[in-house]
Amino acid sequence: MGEANVSGAPPAVASVRVLAVSRVVPEPAGRTAGEGPVKLSFFDTPWVVLPPIQRVFLYELPGADEFPAVVRRLKESLAATLALYLPLAGKLAYVPETGDVVVDCADPGVAFVEAEAAEGSDMDVRRLAGNEAHDIPAFLALVPELDAKVLPAPVLLVQTTRLGGGLALGLSVLHAVADGQAVWRFMGAWAAASREGSPVTKSLGPPHYSRDAINVPGGDEFAREMLKKVAPNLPVANAMGYDFSQRFRLARRTFYLAADDIRSLKRHIDALALAENAAGDNEAPISCKPVSTFVALSALGWTAFVRSKGLASGDDTYLMFLADLRARLDPPVGDGYLGNCIKGCLASADAGDLLGERGLLHASRAIQAAVAEMEAAPLAGTERWIERVMTLPFARLANVAASPRFRVYEAADLGFGQPARVELVSMNHDGEMVLVGGRRDGEVQLSVSLDPARMDAFKAHILAID
């Protein structure tokens, strides 16, 4: 045993020691016979150039001797789950004859890294799960390194690490193959297989992943055109030369907003809208549609970002978020679709409007307007939204990932209790926020990636909610 440098292993760090790397194949094997390549849709192709999605799940275990049994359980249940979620066991590959990028499922399997905290390290579950600030080097050591700069590249890698007081489960998955909804359904299916013996339950049906479900006229042509724009030198998948190295210099923190805090925030925003209409400040009364949890918390995060950045009146500022289009296509795609079916939405405002006492209201209305625009024409501008975002001033752009609807702690109960903490490790942008369901009923977890010098100001605004 000792530190190893193998495909699928984490980067060499002093705090983690690799014990073994094995390959988990879908079982029963007969389920995968005859599977052809899965061609990416135009919803998938914008994500080809991005680094993988990396998530870490921290679990407390009563004894270190449970680790080998847990690893066996995870491997067996993963094999059963991959038989249904086959593209996650494949490789992302470029087909020069057609100019397509596909998921090659001919020889499916997932590298599974087993590791342990190095002797003398402070890699303890309770410490990592309890700190508001992220231990970024530790979190990075707990997820497998997936190099997708040149195709073909594996779609999914898994790492489990024995820590003081428990273990970490780390996933790296290529966004070009699955969006957040798809990854969380996979995680729920894997957890069900580990906990109950089957990845299919009454509440979680089998997935489907044929891109024929994305029935959009001209979709294949859109996909090829988009690939030419975002990755003109395939099979070098990061051909646009994006530099994501700066993400490791950003600070990360996590806040837990209780159900009562969220209700109070929503009441405050709704009251501001009623007061504005009652005062007659607008030429025509504006609809006082109650704000959703997503809108309220996104508005809170956006205004906190604007304040922390020191923006002023006259500075244009933007908030990007993703909308799930599964139920909005004709015909609908269905919740079990394993792929990307999302569209970027963009809210904009003058920073001065977000700084005053009505800042939360202005932010909420801008977000609601972006949602309404998407609902009125779900596919409008879908093939151009990535290009549009790349033209914006990144220093004034915040973005919100995931959704409070994702009950991540429940979905990740693998049979030895819910995780003590779930985090997105791959936060790429200064001003990126992640909203997911929290550990308690009605709670929402808000994690943020930000310039370290701006973090205290951001925190002060978040914690000042009524």
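Tabulated values for the structure
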| quantity | calculated |
| --- | --- |
| Rounded to the nearest 20 debye, dipole of segment 16-241 from Cβ charges on Lys, Arg, Asp, Glu | 240 debye |
| Length-normalised contact order for segment 16-241 - Cα pairs under 8 Å, 6+ apart - percent | 32 percent |
| Restraint check, 228/343; 202/289; 39/202; 343/459; 309/343, Cα-Cα greater than 23 Å | 202/289; 39/202; 343/459; 309/343 |
| Computed magnitude of the charge dipole of the chain (debye, nearest 20; Cβ of K, R +1, Cβ of D, E -1) | 300 debye |
| Order of 48, 21 - criterion: other Cβ atoms within 10 Å of each residue's Cβ, fewest first | 21, 48 |
| Over segment 248-462: Rg over Rh, Cα atoms, Kirkwood Rh | 0.96 |
| Additional length obtainable on full extension of the chain from residue 22 to residue 203, 0.36 nm per residue less Cα span | 62.0 nm |
| Hydrodynamic radius of the chain per Kirkwood, over alpha carbon pairs, in Å | 23.0 Å |
| Linear extension gain, residue 451 paired with residue 391, 0.36 nm per residue minus alpha-carbon span | 19.5 nm |
| The chain, relative contact order [Cα under 8 Å, separation at least 6], % | 20 percent |
| Axial C-alpha extent at least 24 Å, average Kyte-Doolittle at least 0.0 - helices from the chain (DSSP) | 359-376 |
| In sequence order, calculated HN-Hα J values of segment 100-114 (Karplus, 6.51, -1.76, 1.60; Hz; x Gly/Pro) | 9, 10, 10, 9, 8, 9, 5, 10, x, x, 10, 5, 10, 8, 10 |
| Residue exposure sequence - 255, 458 - by fewest surrounding Cβ within 10 Å | 255, 458 |
| Computed [θ] at 222 nm, deg cm²/dmol, the chain (DSSP H ≥ 4; -39,500 (n - 2.57); rounded to nearest 500) | -9000 deg cm²/dmol |
| Distance histogram for segment 16-241 (every C-alpha pair counted, 10 angstrom bins, percent rounded to whole numbers) | 8, 31, 33, 20, 7, 1 |
| Ascending count of other beta-carbon atoms within 10 Å, so fewest first, for 160, 391 | 391, 160 |
| Dipole moment magnitude, nearest 20 debye, segment 248-462 about Cα centre, only Lys, Arg, Asp, Glu C-beta charged | 480 debye |
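Taken together, the values in this text are just the output of simple stated rules run on the coordinates, not laboratory data. Note that the structure is predicted; figures quoted are calculated from it, not measured. Cβ: placed from backbone, ideal geometry, glycine included. Neighbour counts: every protein chain shown.
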